[in-house]
C-alpha cells in the first residue's frame, strides 16, 4: 500500500515517458478510480502527446464561433461575476447588493437558481453562425464557477439539468452543431474553482454586514427549509479548505493560477472529480475540440489529470474515426508543448507565421454578457473582426469568436447585425480564408512595424497601429496567391511592395489578377516599386474593409 501511494505521488507530480514505459498504460488506468482512459497509442505524458498532428479539418476551417454562456450571464454584468460579486467595494459587488442583496444571504448559488434560459433556441443560433461563415462551433461546458452545463454524472446536483434552466445545454448545442454539419467543441474552465472561489469565504470589513460571512462555507446542513434543501454548496464552491497565501489580494496571482506561489494545494478528491467530470463530458458528447482555459493543461504541474484527459481524447478519436480528428487548445505553451496540442492565444495574436497551427480566442464584448457594453455601443465592429481574422489566417492561425449570449439564451440585435455583416464579407471572400496556408511572408505594411508584443497568454489585440490599405496580408491555396488590403486606397490603386518586379518572394511572371468577390479581371503593372493593381469601382463599405485579389 505504501509503495502504491508513493507511485501515485510520482505519477501526479512527475508524469513522464519513463513512467508510462516502466509501468504501462494499464497501470495508469488501474491507479485512479472512476472513468478509465481509452486505450491507444497515446500515453499520459508530454513526450507521448508530442506525437500529435493537428487534423486538416481544423487547419482548413480557420473560423469558429463560441457561446461562452452560463449562469454568470444572468445578471448581464460582465465577466467573472461569480468571483467579483464577493469582492467588497467592486462595481459588481455593488451591482449585486442592489439587484439581489448581500452575498451572505444571496450568493452565486442563488443566481444560478434564477437563471432559466427560457428563450434559448440553439438550432437558430448555430444556423445564424454557420451562415456567417463559422466552420466549427464551441459551447462552454463549465466556467470557473464550477457549474456543469450538461447532464453531469460527477457534478450530479450542481448542473444545468437539475438547477436553473433544467436543460441539457451542451446536449442541445451539440445537436444543433451537428444538424448544421459543424464540428462541435466544448470549453472547460472548472479546474480553477478551488482557488477562484476563495473570495466566497470572506465577509464585509465595513458597513451593516461587517463580519458576517458570505455563503462560500455553507454546508448541506445549512439548507434546511431553503430552496437548496438537501444540496451541499461545497460541491459547487469547493471551499472546504484553508485560504491560499495572499488570498485577500483581489488581483488573482498568475503564479497561483498555475498552482504555485503559495496556493493551497488542491486535494486528490478535487483533482479526480475534475478528471472524471471531463472524461464523462467527452464520452457523452463526443466533442471534436476541447478548449482548456489553463496554462498548458488543467492542474498541471501538480497533477497529471490533464495529461490523462488528453491521452483519452486522442485515443478515443482514433478509435472512433480511424484517425486523429480531435483538437485540444491550451495556453502558455512552450515549444515542445505546442507539438502536443494547439496553442491558443487569448485576446491577441502571433506576430509572425507560426510553424504549427494555432488559435486566437476573442470576443466582440465581454466574455459573459454585459448590458453596459450593449448600451454604450462597445462591441467590436465587423470590420475589426474581419481584419483580425485575415491577419491571423496569414500567420497559420484560426479565430474563435465569442458572441455573448444573454441570460435568457438570446443575442441582442446589435450582435446579430455584426454577425450578419461578417457573413456578408465571408460569402464574397471566404475562398481566401478556408483551406489556405501561409505564404512565404504573412504580409507587409506599417501596422506590423509597430506591432504590440504578446503579454502572458495573449492580450495584445487593439494595442498596435490601426490597419490601412497599405497593410497587406497573404495566403495561398494551390497555385493561387491571395492578397488582402486592410482598407481602400483613395485613388483606387493598390500597391503591393512584396510583389515588385524581380521580387525574391514571387520571381515568376504574374499571369492574371482577379477581384475575388466577382472574379473580375483587373489591370495591373509590375514595377520596381511593387505590383500596382487598379481596383474596381468601390462597392459598399461593409464589403471593402478587407479587399481581396487573387494572383496567379
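Brief remarks follow.
- Here the simple spin-label model places points 7 Å from the Cα toward Cβ, and for residue 60 and residue 284 these points are separated by 3.2 nm.
- R0 of 60 Å, Cβ-Cβ distance residue 437-residue 94: FRET efficiency to nearest 0.05: 0.75
- Kirkwood hydrodynamic radius of the stretch 307-465, Cα pairs, Å: 17.5
- The chain: angle of helix 382-394 to the longest principal axis, Cα-based, in degrees nearest 10: 80
- FRET efficiency estimate (nearest 0.05) - Cβ-Cβ, residue 334 to residue 537, R0 60 angstrom: 0.75
- Spin-label model, residue 319/residue 529: points 7 Å from Cα along the beta carbon direction are separated by 6.4 nm.
- Ratio of Rg to Rh for the stretch 443-551: 1.00 [Cα atoms; Kirkwood radius as inverse mean 1/r over pairs].
- Using alpha-carbon coordinates, inclination of helix 122-131 to the longest axis of the chain, degrees: 20
- Residues of the stretch 470-487 with amide N under 13 Å of the 7 Å Cα→Cβ point at residue 552: 477-482
- Inverse mean reciprocal Cα-Cα distance (Kirkwood Rh) of the chain, Å: 24.9
- Distance in nm between pseudo-label sites at residue 113 and residue 203 (7 Å out along the Cβ direction from Cα): 2.2
Here, each number is a calculation from the coordinates, and none is a lab measurement. These numbers were taken from a predicted model, which means no experiment stands behind them. Ideal geometry is used to build each Cβ from the backbone, glycine not excepted, and the neighbour counts take in all protein chains shown.
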